[in-house]
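Engineer: Right, I'll just put the structure down here and ask away after.
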Amino acid sequence: MTTDAVGGVWQYSTDLARELARGGYQVSLAVLGPAPDEAQRRCAAGIDGVRLLETGLPLDWMCEGADEARQAAQSLARLAHACGADLIHCNSPALAGAAAFPVPVVAVAHGCIATWWQAAKAEPLDRALRWHGEMMRRGLLAADVVVAPSASFAATLQSTFRLPQMPLVVHNGRPATASGTSVTGGPHRLDAALTIGRMWDPVKNGALLDAAAGMIDLRFLAAGPLCSPHGEEITFAHIQALGQVPGPALNELLALRPIAVSAARFEPFGLAVLEAASAGCALVLSDIATFRELWDGAALFSDPDDAEGFAAAITRVHGDPALRQQLGTAAQARAARYTPAATADAVMALYRTFRPDREAAA
């Protein structure tokens, strides 16, 4: 299974690998891109049946061009052969069509440059990046099966890359947070709004949230990096930036049940929203297809182009304790659908279509 130590794919792959190992699978977790930090290494080392492989190979979306990405794919194919793998779970689909892989490939698309660009720029993909879009399409077509984390993103992939078939949908999952006890009757202990994610990413709509924060009489916190690996940066006038918050500290913050807010213009799934919901936070979300698919009936929604609308929704939740309690309870109940065990059950069913003679494969 490929992974990277940069963002949400690490959470997805380690959570899934843990469940696969419980199901009897042996997982070689091949890290592409920057090396994991010590906390991430300890996380992987603590999972029986999982071997961490720090490949030193580049992430496709951080490559300078197609040649570098193809070389990474070829090295990955050799590594899979050397490991004796029965199947490759590729979380970097652009690599799936760039080498002769010795076994079936399940390609899971968590996002990509082309779909991100559509949402961030609303213009054709930059000529200098088109090689990646072409590699992505070839990879999706070459994979034995393509998986997306939401029906909304599956439709986006099919449209963007002109795929003959819709990708299969397997929703992501996250473990319940340590604070994830029932919120029924429980107090809200942090009088604040909170957004989580890559603050520098224009798709996360941080500038709009900063404008909304200036319209409300409530602290507004942001957990996540302000600067990207490529140098993009955001500054806030009204939001209190916490920077990158380690997992345990973030769980402690979510345990206080602030109002969780996301104004994302585009989201293939949204693990941060799931984590907040699991903790029983009331959700105020952008009215986009993915969030409607996952959270309709368990959140308030607002137009991602309307800062005043977000300010009004946050103020409404803050000023109505009964509504805040109702939303937090509904969000927590909905979050119980999206667990690593549920994800793993669906993934293992896919695996067995390639190896029906085995309940578990290496």
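Engineer: Identify all residues within region 264-280 that are more than 13 Å from the chain's Cα centre (by Cα) and either more than 17 Å from Ala119 (Cβ to Cβ) or crowded, with 24+ Cβ neighbours inside 10 Å (or both); write none if there are none.
Structural biologist: The initial filter retains those residues of region 264-280 that are more than 13 Å from the chain's Cα centre (by Cα), namely 265, 276-280.
Within region 264-280, Ala276, Ala277, Ser278, Ala279, Gly280 qualify.
Engineer: List the residue pairs whose Cβ atoms are under 6 Å apart, where the first residue sits in region 15-34 and is within 20 Å of Gly84 (Cα to Cα), the second is basic (Lys, Arg) and modelled with pLDDT of 95 or more, and the two are 6 or more positions apart or on different chains.
Structural biologist: If the second residue must be basic (Lys, Arg) and modelled with pLDDT of 95 or more, the pairs left are Ser28/Arg51.
Engineer: Now for a different question. How many residues are open to solvent by less than 20 Å² (accessible area, probe 1.4 Å) and farther than 25 Å from Val169 by Cβ when one looks only at region 288-306?
Structural biologist: The total comes to 1.
Engineer: Give the number of residues within region 242-251 that are at pLDDT 90 or above and open to solvent by less than 50 Å² (accessible area, probe 1.4 Å).
Structural biologist: Residues that pass the stated criteria total 4.
Engineer: When the residues of region 222-241 are filtered to those that are surrounded by fewer than 18 Cβ atoms within 10 Å (Cβ to Cβ) and not in a loop (DSSP other than H, G, I, E, B), which remaining residue is farthest from the chain's Cα centre (by Cα)?
Structural biologist: Gln240
The values are calculated or read from the model by the stated rules, or taken from the named source; none is laboratory data. Just so it is clear, the model here is predicted, and its values are computed rather than measured. A quick note on method: Cβ atoms are made from the backbone with ideal geometry, for glycine too, and the neighbour counts reach across all protein chains shown. The accessibility values were calculated without ligands, DNA or RNA, using every heavy atom of the protein model including side chains. Shrake-Rupley method; radii C 1.70, N 1.55, O 1.52, S 1.80 Å.
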